[in-house]
Each structure stands twice: as C-alpha cells, then as structure tokens.
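K.L.:
One structure, pasted below without further comment.
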Amino acid sequence: MQEEKITLHTDSGEAVDFYVLEETRINGMNYLMVTDSNEDEDGECYVLKDVSGSSDNEAVYEFVENDDELDYLYRIFTELLEDMDVELRK
C-alpha cells in the first residue's frame, strides 16, 4: 500500500503532517482516517471531514468532534481496515 501524507495547517500557521490510513465517502461527504505516525508504533488516529467549498483551490479539512458522528465513522473505518494490519482502539 502506498502511503499518502497530507499536511494540514493550524490556525496559528503551524504545519502538521498526517498519514492517510483510509478514506471513504458517506452521504456526499468525504472523510479521511489519518494517523500522526508512519512508524509501526502506536499513533493517534483522527477522522477528518472535507469541508471544502467549490471555490477552494485546495481541500479544507476539519476534525470530526461530534461523538455520534465519530462512533458511526469508527464502525465504518473498522470494517474498511479489517484486512490491513491496523488495530483501532477508542
């Protein structure tokens, strides 16, 4: 599997790299499951939602923070990643 890295910029302008584990589209919305580590060690996973507008030149992502939405997406990403050597824990 080719590793895809994305760089997000915080509100303060700091660049933060994340590694994409999986992506999916649900109800017309694109979601990414990313991790902050590309090593074989424990890393933190995050779910990002593409909130880009049609006039945006680059993708705009925000962290999914709603617990109900996260629980739903967690179940979907768990199924999508079941064939990979990735263990998800809440």
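The values are calculated or read from the model by the stated rules, or taken from the named source; none is laboratory data. From a predicted model like this one, the values you see are computed outputs, not experimental measurements. Cβ atoms come from the backbone with ideal geometry, glycine included; neighbour counts cover every protein chain shown. Ligands, DNA and RNA are stripped out before the accessible areas are found, and what is left, the full protein with its side chains, is counted by its heavy atoms. Shrake-Rupley method; radii C 1.70, N 1.55, O 1.52, S 1.80 Å.
K.L.:
About the Cα centre, and with charges only on the beta carbon of Lys, Arg (+1) and Asp, Glu (-1), how big is the dipole of the chain? Nearest 20 debye, please.
P.N.:
Using only the charged Cβ atoms, the result is roughly 380 debye.
K.L.:
So for each of 65-71, 14-20, 53-59, 43-49 I average, over its residues, the number of other beta carbons within 10 Å; can you give me the resulting order with the highest mean first?
P.N.:
The densest-packed peptide leads the list: 43-49, 14-20, 65-71, 53-59.
K.L.:
Provide the per-residue ³J(HN,Hα) series for segment 66-73, in order, calculated from phi with Karplus coefficients 6.51, -1.76, 1.60 and θ = phi - 60°, each as a whole number of Hz, with x at glycine and proline positions.
P.N.:
6, 4, 5, 5, 5, 4, 4, 5
K.L.:
Count charges around Y31 for me, please; just the other residues with Cβ under 10 Å from its Cβ, Lys/Arg as +1, Asp/Glu as -1.
P.N.:
With Lys, Arg at +1 and Asp, Glu at -1, the neighbours total -2.
K.L.:
Remind me, relative contact order of segment 11-76 in percent, using alpha carbon pairs under 8 angstrom and six or more residues apart?
P.N.:
Numbers: 84 pairs, mean separation 13.0, N = 66.
Contact order relative to length: 20 percent.
K.L.:
Enter the accessible area per residue of segment 1-55 (Å², integer; probe 1.4 Å; all protein chains in place).
P.N.:
With the other protein chains kept in place, segment 1-55 gives 69 Å² per residue.
K.L.:
Oh, and also: If amide H atoms are built 1.01 Å from N in the plane of the peptide, which residues on other chains or at least 5 residues away come under 5 Å of the amide H of S37?
P.N.:
Under 5 Å from the amide H of S37 lie the amide H atoms of Y19, E44, each far enough along the sequence or on another chain.
K.L.:
Same structure, new question: Toward the positive end of the charge dipole of the chain, about the Cα centre and with charges on Cβ (Lys, Arg +1; Asp, Glu -1), which of G28, V64, A15 goes farthest?
P.N.:
G28
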